[in-house]
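See below for the structure under consideration.
The values are calculated or read from the model by the stated rules, or taken from the named source; none is laboratory data. From a predicted model like this one, the values you see are computed outputs, not experimental measurements. Reconstructed Cβ throughout: ideal geometry from the backbone, glycine too, with neighbour counts over all protein chains shown.
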Amino acid sequence: MKRSILLVAISIVVFHISNLYAGEITLEKIFLKGTFSQKYVSGLKSMQDGWHYTMLESVNNVQQINKYDYEEGKLKANLLSDLKDKNGTSIRIESYELSMDEQKILISTNSEHIYRHSRRSEYYVYDIGKKSVVQIGKDKFQLAQFSPDGNYVSFVRENNIFMYNLSSGKEQAVTTDGKMNEIINGAPDWVYEEEFTLVRAYQWSRDSKYLAYYKFNESQVKEFSFPMYGTLYPVNYVYKYPKAGEDNSVVEIYMYNLSQNSSSKVKISDPYEYVPRIQWTYTPNILSIQLMNRLQNYNSIEFANAETGESHSIYEEYSNTYQEVNDLIFLKDGMGFLRMSEESGFNNVYYHEYRDLTVMTSADGTKGRPLLINKPGITVTSLIGYHDESMTAYMQVTDVNKPQERKYLRARIQENVVEQVNLPEGSGSVEGSESLRYMISYISNVNHAMTVSIHNSEGDLVRNLEDNQALMDTVNKYNFSTKEFFKFNNRNGDELVGWMIKPKGFKPTIKYPVLMYVYGGPGSQTATNSWGGSNDAWYQYLAAKGYIIVSVDNRGTGNRGKTFRDCTYGQLGKLESEDQIDAAKYLASQEYVDGSRIGIWGWSYGGYMSTLCLAKGNDVFKMAIAVAPVTNWRYYDSIYTERYMGLPSKNGESYDENSPINHVGDIKGKFLLIHGMADDNVHFQNTAELIEAMVQKNVDFDLGIYPNKNHGIYGGNTRYHLYNKMNNFILENL
């Protein structure tokens, strides 16, 4: 008995010591020390046989690329270890890709970012058999890639496409007319990269005989510039940025014939404004081209013949609002493809079957059939891949009645059967190995950081690659509060979903202040069953200080069907701000909320929302923080803005009605405005114009300006400084 009491006493002491050791959550631990940072799996790539994969690893501080088998995780081969250049200096591998025959490795290093997805890097090719390395060129360039036959490395330098012959070591130009701020070959212009997520604007045919590429003529696109500081006289960075209603780049698709060393323009049959995607099919010489009109409410698919340059439409679709862009998945037997569409009101996967791509017509294209049948309210969030042998498509889905959750289904096309695949609970992404023999899941939930795991095609767990258990042990020491989901109805009776983090030791009889986090943009979601990373750690810090943290997905957000999302079309900001104000009023009605102390903050679209809410909801919100906000949609880019608002020449009144600039006179609460001066995405112009409007209305505000920082506002001590500033503002004003 005494021994039992002693053990209990020791356990209590150990528990208290461990919690004392953990101490308090601090901003330094979050943003400087990385105490709450997740671990990821680096450089995992499936190999061609579908049974093996490679990983980039550090073993005793030496970088290696190793080959493993999926089933047992056994190390099968070391492909590369401690790569060195010709001078014997170790090369730090940032990313890599294997050639199709898996005998060579293309390595990038010393990268420098250009915009959100683009970067310039130094590239090397390592021959696994010969254990030799060669640098491709002498300078940094973009988008290097092996040709499928492994004979060339193609890349983009100074707006032109080049090929490096790995046998001869000679470089050959594919294009020569590239010019800064005029002509771009093989790489996207700014707005295509940002809004269509087009990263590589060229593609090899599967037989390496042709190279299809984009040519952007941006000579008529207006320039935008911003100052870069750090020298005696600041230097203006100048680039082409099409704002709403202004001229876009003129885009053409070309085919380069390697045997003839010549390029020819594809004769696209339909009128178009945008070419968001090109993809080679499994039929030799046939390139698929997706086209859209300027309003993005019309989408067509054309098939172009590389031998003739002729193109013809095989499918077209219209919408009353707008359409999303998605990749097609072509079947290896050359007899069909899969595409995603919302034509039913919910995102579904459609199967198109054909016999001969070269003669397929638009009438044939309309025969696509939906794979999810008798599944009301289920919407596809991503198409994972296709298993050729069993003719089975795998997809991630959500139920519109429970949009915070994700499930996984597979559709057997021949049997017309849909089955659930039991992958882990939570949100994230899933990738398939070659032929989908295995799946790699990157999934987290509100109670557990990301777990990277391998599953077979049935969804059964093979093993975990990273479970972030060390992070969870740390989190448990700090006694994080639980993130809870809740629902309420807005003024129109629409059910909205949100999450809430309550203070430690929460008591319903105490009235707590509330900080709301908002994004709210079209198709987005913040209320998901997922781990929140550094921001959630900050929310736990604030919860420990006695704040309730809340986030609500307003009308217009994603994965609840097209009607729910598209109701904000043509009037961005109106319904979203109503819903956030309704959310604040709902919270104020709860017995545990101090209705006089509700604040809101957001970044980018969320900054637009928090500013608008502070003005329109001045009787509800005590304070707001806006980071990098849009303040008038006239200032933002053409593709995004016109997709959701139409043209300013046709809908200018709505552009201005929901501009925070035109509502600053209604601001009564405390306001902190933050922006990076080198923001290439949401220009500092937005904040400058808002400041001028507030000055003229004599509205007081606080300001945080970050020179040379882009939309992400990071680098060095910047992110810590930013959150420290926001944190102090909250503690002082809420």
Inset, instruction - Output the residues belonging to the stretch 219-274 that are touching an Asp or Glu at 6+ places or on another chain (Cβ under 6 Å), buried (at least 16 other Cβ atoms within 10 Å of the Cβ) and charged (D, E, K, R). - result: Lys240
Inset, instruction - Considering every residue within the stretch 658-675, establish whether at least one is more than 29 Å from Ser596 (Cβ to Cβ) and of a type in the set (A, V, I, L, M). - result: no
Inset, instruction - Please determine, by comparing only the residues of the stretch 687-704 that are among the acidic types (Asp, Glu) and within 31 Å of the chain's Cα centre (by Cα), which one is nearest to Lys668 (Cα to Cα). - result: Asp702
Legend entry - Pair list, Cβ < 6 Å and 6+ apart or interchain, from the stretch 470-481 residues that are among the hydrophobic types (A, V, I, L, M, F, W, C) to residues that are in a helix (DSSP H, G or I): Phe480/Gln540
Legend entry - Yes/no for Ser263 being part of a strand (DSSP E or B) and within 29 Å of Arg560 (Cα to Cα): no
Inset, instruction - Could you tell me whether Gly150 is over 27 Å from the mean Cα position of the chain (by Cα), of a type in the set (Gly, Ala, Ser) and modelled with pLDDT of 95 or more? - result: yes
Legend entry - Residue match in the stretch 575-596 (condition: assigned to a strand (DSSP E or B), of a type in the set (Asp, Glu), touching a Phe, Trp or Tyr at 6+ places or on another chain (Cβ under 7 Å) and more than 18 Å from Asn686 (Cβ to Cβ)): yes
Inset, instruction - Could you tell me which numbered condition Ala244 fails, if it satisfies all but one of (1) touching a residue at least 60 places away in the same chain (Cβ under 8 Å); (2) out of contact with any Lys or Arg (no Cβ under 6 Å at 6 or more places or on another chain)? - result: (2)
Inset, instruction - Inspect the stretch 670-693 for any residue being part of a loop (DSSP other than H, G, I, E, B), more than 29 Å from Arg565 (Cα to Cα) and of a type outside the set (Lys, Arg) and give the result as yes or no. - result: yes
Legend entry - Residue in the stretch 140-164 that is nearest to Glu94 (Cα to Cα), counting only those that are in contact with a strand residue (DSSP E or B) (Cβ under 7 Å, 6 or more places away or on another chain) and among the charged types (D, E, K, R): Lys140
Inset, instruction - From the list Gly523, Gly498, pick out the single residue that is part of a strand (DSSP E or B), modelled with pLDDT of 95 or more and of a type outside the set (Lys, Arg). - result: Gly498
Inset, instruction - Answer yes or no as to whether Gly556 is assigned to a loop (DSSP other than H, G, I, E, B), surrounded by fewer than 21 Cβ atoms within 10 Å (Cβ to Cβ), in contact (Cβ under 8 Å) with a residue 24 or more places away in the chain and not β-branched (Val, Ile, Thr). - result: no
Legend entry - Selection within the stretch 425-477 - over 19 Å from Met47 (Cβ atoms) and in a helix (DSSP H, G or I): Gln469, Ala470, Leu471, Met472, Asp473, Thr474, Val475, Asn476, Lys477
Inset, instruction - Take the residues in the stretch 578-608 that are hydroxyl-bearing (Ser, Thr, Tyr) and in contact (Cβ under 8 Å) with a residue 60 or more places away in the chain, then tell me which one is surrounded by the fewest Cβ atoms within 10 Å (Cβ to Cβ). - result: Tyr592
Legend entry - Residue, surrounded by the most Cβ atoms within 10 Å (Cβ to Cβ), within the stretch 56-72, restricted to residues that are assigned to a strand (DSSP E or B) and in contact (Cβ under 8 Å) with a residue 24 or more places away in the chain: Ile65
Inset, instruction - Report, by residue number, each residue of the stretch 188-213 that is under 19 Å from the mean Cα position of the chain (by Cα), surrounded by 17 or more Cβ atoms within 10 Å (Cβ to Cβ) and not acidic (Asp, Glu). - result: Pro188, Trp190, Val191, Tyr192, Phe196, Leu198, Arg200, Ala201
Inset, instruction - State which residue pairs qualify: first residue at negative phi and inside the stretch 697-723, second residue of a type in the set (S, T, N, Q) and surrounded by 16 or more Cβ atoms within 10 Å (Cβ to Cβ) in any location, beta carbons under 8 Å apart, and separation of 6 or more residues or different chains. - result: Tyr706/Thr718; Lys709/Thr718; Asn710/Asn681; His711/Ser604; His711/Asn681
Legend entry - All positions within the stretch 73-117 that are within 21 Å of Ser147 (Cβ to Cβ), in a loop (DSSP other than H, G, I, E, B) and among the hydrophobic types (A, V, I, L, M, F, W, C): Met100
Inset, instruction - Working only within the stretch 443-465, note down all residues that are surrounded by 18 or more Cβ atoms within 10 Å (Cβ to Cβ) and over 17 Å from Ser534 (Cα atoms). - result: Val452, Ser453, Ile454, His455, Ser457, Gly459, Leu465
Legend entry - Whichever residue in the stretch 496-534 is β-branched (Val, Ile, Thr) and buried (at least 21 other Cβ atoms within 10 Å of the Cβ) and, among such residues, is nearest to Ala449 (Cα to Cα): Thr528
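Listed here are the residues, each with its yes/no results for (1) acidic (Asp, Glu); (2) within 21 Å of Leu572 (Cα to Cα); (3) at pLDDT 95 or above; (4) surrounded by fewer than 18 Cβ atoms within 10 Å (Cβ to Cβ).
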site	(1), (2), (3), (4)
Asp637	yes, yes, yes, no
Glu642	yes, yes, yes, no
Met645	no, yes, yes, no
Glu653	yes, yes, yes, yes
Pro660	no, yes, yes, no
Leu673	no, yes, yes, no
Val682	no, yes, yes, no
Tyr714	no, no, yes, yes
Leu722	no, no, yes, no
Legend entry - Single unsatisfied condition, Val134 versus (1) part of a strand (DSSP E or B); (2) under 31 Å from the mean Cα position of the chain (by Cα); (3) more than 25 Å from Thr197 (Cα to Cα); (4) of a type outside the set (D, E, K, R): (2)
Inset, instruction - State whether the residues of the stretch 336-355 include one that is assigned to a loop (DSSP other than H, G, I, E, B), in contact with a His (Cβ under 7 Å, 6 or more places away or on another chain) and either surrounded by 20 or more Cβ atoms within 10 Å (Cβ to Cβ) or at pLDDT 90 or above (or both). - result: no
Legend entry - Among the residues listed as Lys104, Lys130, Lys84, Lys76, the single one being basic (Lys, Arg) and free of Cβ contacts under 8 Å to residues at least 24 places away in the same chain: Lys130
Inset, instruction - Report the residue count in the stretch 597-632 for those that are of a type in the set (A, V, I, L, M, F, W, C) and assigned to a helix (DSSP H, G or I). - result: 5
Legend entry - the stretch 428-442 - residue that is in contact (Cβ under 8 Å) with a residue 24 or more places away in the chain and closer than 20 Å to Lys74 by Cα and, of those, surrounded by the most Cβ atoms within 10 Å (Cβ to Cβ): Met439
Legend entry - Where a residue in the stretch 651-675 is over 20 Å from Asn618 (Cβ atoms) and its partner, wherever it lies, is in a helix (DSSP H, G or I) and among the β-branched types (Val, Ile, Thr), with Cβ under 8 Å and at least six apart: His675/Thr687
Legend entry - Test set (1) in a strand (DSSP E or B); (2) touching a residue at least 40 places away in the same chain (Cβ under 8 Å) - Arg294 fails condition number: (1)
